[in-house]
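K.L.:
The structure follows.
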Amino acid sequence: MSYQLDFPSLVPFLPQFAAGLWTTIELTVISTLGGLLLGTVCAQGRISKDTWLRTICSCYVEVIRNTPFIVQLFFIFFGLPALGFKLSAWEAGVIAMVINLGAYSTEIIRAGIDAAPKGQWEAGQTLGLTRRQVFWHIILPPAYQRVYPAIASQCIIVMLGSSVVSQISVEELTFSANFIQSRTFLSFESYIVAALVYLLLAILMRQAFALVKRCTFKNPSL
Amino acid sequence: MSLVSLDKVHKYYGDNHVLKGVDLKIEAGEVVSIIGRSGSGKSTLLRCMNGLEQYQKGGVIVDNQSVEDDEYKLRLLSRSVGMVFQSFNLFPHMTVGQNVMLATKLVLKKSPSESKKLAEELLEKVGLSDKFSAYPGNLSGGQQQRVAIARSLAMSPKVLLCDEITSALDPELVGEVLKVLEQLKAEGMTLILVTHEMNFARDVGDRVVFMNQGKVWETGASDEIFANPQTEELKSFLAAVR
Amino acid sequence: MMQFTDWDILRNLLLAARWTILLSLLAFIGGGLFGLLLTILRSMRNTLITRLIQGYVEVFQGIPLLMQLFLTFFGFSLIGFEVDAWTAAVISLTLFSSAFFHDIWRGCIEALPKGQWEACRTLGLSYLQTMRYVIVPQAMRMSIAPTVGFSVQIVKGTALASVIGFVELTKAGTMINNAVFQPFKVFAFVALLYFLICFPLSLLARYLEKKNHVAR
């Protein structure tokens, strides 16, 4: 009945934890950058004058936002090779994460764009800027600033979501914990360690985003 | 050829007939005030002159260019026509200097050093040379509006459209903006203002256009119009705003 | 070997989808009730309680749901309760959603303008009266849309219960795929079924949000 938690036995497996953590960080950084880029481009697509482009972008957003990440992952990893796209687990994981964050950030960034006063578009237009120039130089930067907290939260959610790619054997933090518990039978301890590392990562990411905010947005808040 | 010429311009918002055949000619160097009740179509008229609003019938020609619903043509037109807005519409994420330099860099393709020199000159002209690196959010309304004027001037427009540019300002800040306009008039700039500042219209403006029910109801030299209004509508309007 | 027609695949997935829906409902109700309890406790404005609840939210929002499932699954057996995948899934999804629900509702309460509190104070209302008659009714109206919105997250969250072996839609998908080896088709079906559950909820949330905006 009574059970002693045994953390010391996990010490020999620290390198495994570290390797997993590194992969998690790698996945997070790549998919954050890729996802935000994709989201920015699609947000521009969603306000485009081209009906087709708008429709395609909204379909993408809706499909991704209304299906579980793990199903998207399985579809990409198991389903796409059936069509001839051969992907490694790592590649499939990154692609799934980028596509996932891309959809969420599209919506977030678009909300920031929608909140731009009409006068900003008009001011840019009367200065002779092209629509594209107005978008990138005038509309987008304050839009990012407006929705920055939502973007930060979403990136943290993506980091936490990366634990799911363990299910296609990407050797990240959760995979390490799985591996270690299968070796040691210290399942609870292994998962507690991994969970704490995730929690720490989430807190660190929040701090990092706050730091970036202080360094980037020098103008008085909008 | 007049700098600005409107020929029987009609504008509808859905079923709402806003402009009902406006004829108006404005010469280079003139300072014209457009006055009228809210809803008389005066802002719409101004916005038809640079393509921010499309009109359905008639023609607008500014600086020998026809104002049409065509992105490329409107971009060319924007080099001749500057605009200052009621709500300033400064870009909040850029410093004052960056606001002024944006279009000279992106549209006129001037070099950064050239742009900077021009921006400094213009900011000095509007009395804000010390605010080059400040953000708009840290400026008063009057200062922001002067930056907006400098930003428009950076494109060296032939005519400056001013859409109620003092309406969003606290009363004590109106003067500093009007002073800049007087200075521009002295330099020979063509100004078209939609305004509530009757004193400015009378003392500085050359000509007043009174809009009523979507038409140019009465027009004439400023002192004439104020001293001797002809129509009942203008009389009652002037009585109401005084 | 048994032949699966498309209809067989779909039929089996539909049967499994019942469990996804049931699990979602239980997590929604359980998480809602527990989240409500947290919100009430927090509104008592006791520093210690507030800190504890903040910590609770931080932990459940800062640890992957998958990890929460593992910890629940293995944690219970550690203290001597053998729980099955179903119980573990219900418990951890309930805890997970309670943290988010609490966070959403607290946000709605705090989003009300300070003037509302000040107006009540000048009228001589007590804290509880202010809450009861002024704050909660407004916050409730505001919270409906994000609450419905979060239900989509719950439905998607239930997919992770497949990892600890609970046979819901996703698990059924992997099992069927192991039998028929048509991953593209099977997972497309799985995704479609999730979409059919989630998309109406998303639309409803958006509609409610728009309605709320117009009303204010």
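The values are calculated or read from the model by the stated rules, or taken from the named source; none is laboratory data. Note that the structure is predicted; figures quoted are calculated from it, not measured. Please note: Cβ atoms are built from the backbone with ideal geometry, for glycine as well, and neighbour counts cover all protein chains shown. Side chains are part of the model used for accessible areas, which takes the heavy atoms of the whole protein and leaves out ligands, DNA and RNA. Shrake-Rupley method; radii C 1.70, N 1.55, O 1.52, S 1.80 Å.
K.L.:
What are the residues in region B:48-79 that are buried (at least 17 other Cβ atoms within 10 Å of the Cβ), among the acidic types (D, E) and either within 12 Å of chain A (Cβ to nearest Cβ) or outside any loop (DSSP other than H, G, I, E, B) (or both), if any?
P.N.:
If the condition is that a residue be buried (at least 17 other Cβ atoms within 10 Å of the Cβ), among the acidic types (D, E) and either within 12 Å of chain A (Cβ to nearest Cβ) or outside any loop (DSSP other than H, G, I, E, B) (or both), then B:E53 is the only one that fits.
K.L.:
If I ask for residues that are more than 8 Å from chain A (Cβ to nearest Cβ) and open to solvent by 20 Å² or more (accessible area, probe 1.4 Å), which ones from region C:148-163 would you list?
P.N.:
Matches in region C:148-163: C:V148, C:G149, C:Q153.
K.L.:
Only one residue in C:R51, C:R45 is open to solvent by 60 Å² or more (accessible area, probe 1.4 Å), more than 20 Å from the chain's Cα centre (by Cα) and on the phi > 0 side of the Ramachandran plot. Which one?
P.N.:
C:R45
K.L.:
For region C:178-209, how many residues are small (G, A, S), surrounded by fewer than 19 Cβ atoms within 10 Å (Cβ to Cβ) and at the interface with chain A (Cβ under 9 Å from one of its Cβ atoms)?
P.N.:
2
K.L.:
Here's something else I'd like to know. Only one of B:S129, B:S87, B:S113 is in contact (Cβ under 8 Å) with a residue 60 or more places away in the chain and open to solvent by 60 Å² or more (accessible area, probe 1.4 Å); which?
P.N.:
It is B:S87.
K.L.:
Can you pull out the residues in region A:153-177 that are assigned to a helix (DSSP H, G or I), of a type in the set (V, I, T) and over 16 Å from A:A195 (Cα atoms)?
P.N.:
A:I168
K.L.:
Just need a number here: residues in region A:77-119 that are closer than 19 Å to A:T24 by Cα and of a type outside the set (D, E).
P.N.:
The total comes to 16.
K.L.:
Considering region A:58-85 alone, what residues qualify as being within 8 Å of another protein chain (Cβ to nearest Cβ), of a type in the set (A, V, I, L, M, F, W, C) and surrounded by 17 or more Cβ atoms within 10 Å (Cβ to Cβ)?
P.N.:
Within region A:58-85, A:V63, A:F69, A:I70, A:V71, A:F74, A:F75, A:F78, A:L80 meet the criteria.
K.L.:
Among the residues of region B:122-142, which ones are within 11 Å of B:G97 (Cα to Cα) and not hydrophobic (A, V, I, L, M, F, W, C)?
P.N.:
B:S129, B:D130, B:K131, B:S133, B:Y135, B:P136, listed by residue number.
K.L.:
Please enumerate the residues belonging to region A:129-145 that are more than 21 Å from B:R79 (Cβ to Cβ) and either within 7 Å of chain B (Cβ to nearest Cβ) or open to solvent by 40 Å² or more (accessible area, probe 1.4 Å) (or both).
P.N.:
Those that are more than 21 Å from B:R79 (Cβ to Cβ) and either within 7 Å of chain B (Cβ to nearest Cβ) or open to solvent by 40 Å² or more (accessible area, probe 1.4 Å) (or both): A:P141, A:P142, A:Y144, A:Q145.
K.L.:
Further, regarding this structure: Tell me which residues, restricted to region A:185-217, are open to solvent by 30 Å² or more (accessible area, probe 1.4 Å) and in a loop (DSSP other than H, G, I, E, B).
P.N.:
A:F185, A:F217
K.L.:
Is it the case, given these coordinates, that C:G124 is away from chain A (no Cβ under 11 Å), surrounded by fewer than 14 Cβ atoms within 10 Å (Cβ to Cβ) and within 24 Å of C:L65 (Cα to Cα)?
P.N.:
No; evaluated as a whole, the condition is false for this residue.
K.L.:
Right, here's the next one. For region C:45-53, state whether one or more residues are among the charged types (D, E, K, R) and within 14 Å of chain A (Cβ to nearest Cβ).
P.N.:
no
K.L.:
Let me ask something else about it. Quick check on this structure: which one of A:S182, A:S190, A:S166 is away from chain B (no Cβ under 14 Å) and in contact (Cβ under 8 Å) with a residue 40 or more places away in the chain?
P.N.:
Being away from chain B (no Cβ under 14 Å) and in contact (Cβ under 8 Å) with a residue 40 or more places away in the chain holds for just one of A:S182, A:S190, A:S166, which is A:S190.
K.L.:
If I filter region B:91-110 down to residues being within 8 Å of chain A (Cβ to nearest Cβ) and in contact with a helix residue (DSSP H, G or I) (Cβ under 6 Å, 6 or more places away or on another chain), which single residue comes out as least open to solvent (accessible area, probe 1.4 Å)?
P.N.:
Per the criteria, the residue is B:F91.
K.L.:
B:G82 is checked against (1) closer than 21 Å to B:V208 by Cα; (2) within 13 Å of chain A (Cβ to nearest Cβ); (3) open to solvent by 10 Å² or more (accessible area, probe 1.4 Å); (4) in contact with a helix residue (DSSP H, G or I) (Cβ under 7 Å, 6 or more places away or on another chain) and fails just one. What number does that condition carry?
P.N.:
Against the list (1) closer than 21 Å to B:V208 by Cα; (2) within 13 Å of chain A (Cβ to nearest Cβ); (3) open to solvent by 10 Å² or more (accessible area, probe 1.4 Å); (4) in contact with a helix residue (DSSP H, G or I) (Cβ under 7 Å, 6 or more places away or on another chain), B:G82 comes up short only on (3).
K.L.:
Does region B:95-106 include one or more residues that are under 22 Å from the mean Cα position of the chain (by Cα) and farther than 22 Å from A:L140 by Cα?
P.N.:
Checked against the condition, which is being under 22 Å from the mean Cα position of the chain (by Cα) and farther than 22 Å from A:L140 by Cα, region B:95-106 yields no hits at all.
K.L.:
Of the residues that make up region A:141-152, is at least one polar (S, T, N, Q), out of contact with any Gly (no Cβ under 7 Å at 6 or more places or on another chain) and not in a loop (DSSP other than H, G, I, E, B)?
P.N.:
Yes, that holds for at least one residue.
K.L.:
Continuing with the same structure: Of (1) surrounded by 18 or more Cβ atoms within 10 Å (Cβ to Cβ); (2) out of contact with any Ser or Thr (no Cβ under 6 Å at 6 or more places or on another chain), A:A115 satisfies all except one. Which?
P.N.:
That leaves (1) as the condition not met.
K.L.:
Next up: Regarding A:P81, is this residue closer than 27 Å to C:F189 by Cα and in contact with a Gly (Cβ under 8 Å, 6 or more places away or on another chain)?
P.N.:
Here the answer is no, as A:P81 does not meet what is asked.
K.L.:
Another question, if that's okay. Please count how many residues of region C:77-105 are assigned to a helix (DSSP H, G or I) and open to solvent by 60 Å² or more (accessible area, probe 1.4 Å).
P.N.:
1
K.L.:
Could you check how many residues of region B:181-200 are in a helix (DSSP H, G or I) and open to solvent by less than 20 Å² (accessible area, probe 1.4 Å)?
P.N.:
Residues that pass the stated criteria total 3.
K.L.:
Let me ask something else about it. Closer than 23 Å to B:Q143 by Cα and modelled with pLDDT of 90 or more, is that true of B:K179?
P.N.:
Considered against the rule, which asks whether it is closer than 23 Å to B:Q143 by Cα and modelled with pLDDT of 90 or more, B:K179 comes out as yes.
K.L.:
A:E122: over 20 Å from the mean Cα position of the chain (by Cα) and more than 14 Å from chain B (Cβ to nearest Cβ), yes or no?
P.N.:
Taking the combined requirement at face value, the residue does not satisfy it.
Matching residues to (1) part of a loop (DSSP other than H, G, I, E, B); (2) open to solvent by less than 50 Å² (accessible area, probe 1.4 Å); (3) touching a Phe, Trp or Tyr at 6+ places or on another chain (Cβ under 7 Å):
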site	(1), (2), (3)
B:M155	yes, yes, no
B:C162	no, yes, no
B:L173	no, yes, no
B:K179	no, no, no
B:R202	no, no, yes
B:T219	no, no, yes
B:Q230	yes, no, no
B:A240	no, no, no
